[in-house]
Amino acid sequence: MRRLLPLLLLSLAACGAEPATTAPPPTTTTAAPYVRTPLDCSKLTVTALTVEPGIGYIFGTHAEWLPKGQYIRIRVAITNTDNTFHTTRPTDYQLDDAADHPHQTSVDAMEIKRQPNEITIGAGNRLEMDLWYDIPLDTTAKLLRDNTCTTTIPLPG
């Protein structure tokens, strides 16, 4: 045992005697946030297909939620008329009510209904999806507005 003690101390001292090397910090790649261009605006056609107002609650596979006012579901068709892909986001579309107040998509409803946060539409493809809004009970939907392209989308009916 006494013979092993100097070897143990020597090995501990040798470990501490090595120069400390620090690993370089990991390189992080940050993707630039997506920005729609005027070309995207001219190549994506958005059409409101149906409007379903007065929804009192929503439920999905993992949650149930009550609105602050009423949920409105707007089914839209987004068509890419270009020969390459284009990307859009549901948050680009706001709902204007009868009192001309703007409403953004409801994050809670969009997540519960598992609607995508960003959509890439292939060349010549058409995509249908639901946009969910939480608006006051005493108003109705007037029109859909594309904030990025500064265009208006008429609602059916």
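Please treat every number below as a calculation from the coordinates, not as lab data. For clarity, every value in this text was computed on a predicted model and none was experimentally measured. Note that each Cβ is placed from the backbone with ideal geometry, even for glycine, and that neighbours are counted across all protein chains shown.
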Worksheet item: With contacts defined as alpha carbon pairs under 8 Å and 6 or more residues apart, what's the relative contact order of segment 38-154 in percent?
Response: 32 percent
Practice prompt. Rounding to the nearest 20 debye, state how big the charge dipole of segment 38-154 is about its Cα centre with +1 on each Lys and Arg Cβ and -1 on each Asp and Glu Cβ.
Written response: 240 debye
Fill in: Under-5 Å amide H pairs with D82, H placed in peptide plane, nonlocal only
G124
Worksheet item: By average Cβ neighbour count within 10 Å, what is the ranking of 56-64, 93-101 from highest down?
Response: 93-101, 56-64
Item to complete: Identify all aspartates and glutamates with a Cα-Cα distance to K113 below 19 Å; exclude those on the same chain that are fewer than 8 residues away in sequence.
Response: E52, E64, D92, E128, D130, D134
Worksheet entry | Cut-off under 5 Å, modelled amide H: who pairs with S106 long-range | W132, Y133, D134
Item to complete: Take every Cα-Cα distance within segment 38-154, group them into 10 Å bins from 0 onward, and report for each bin the whole-number percent of pairs it holds.
Response: 14, 46, 30, 9, 0
Discussion item. For a quick check: sort V35, V46, V107 by the number of other beta carbons within 10 angstrom, fewest at the front.
Written reply: V35, V107, V46
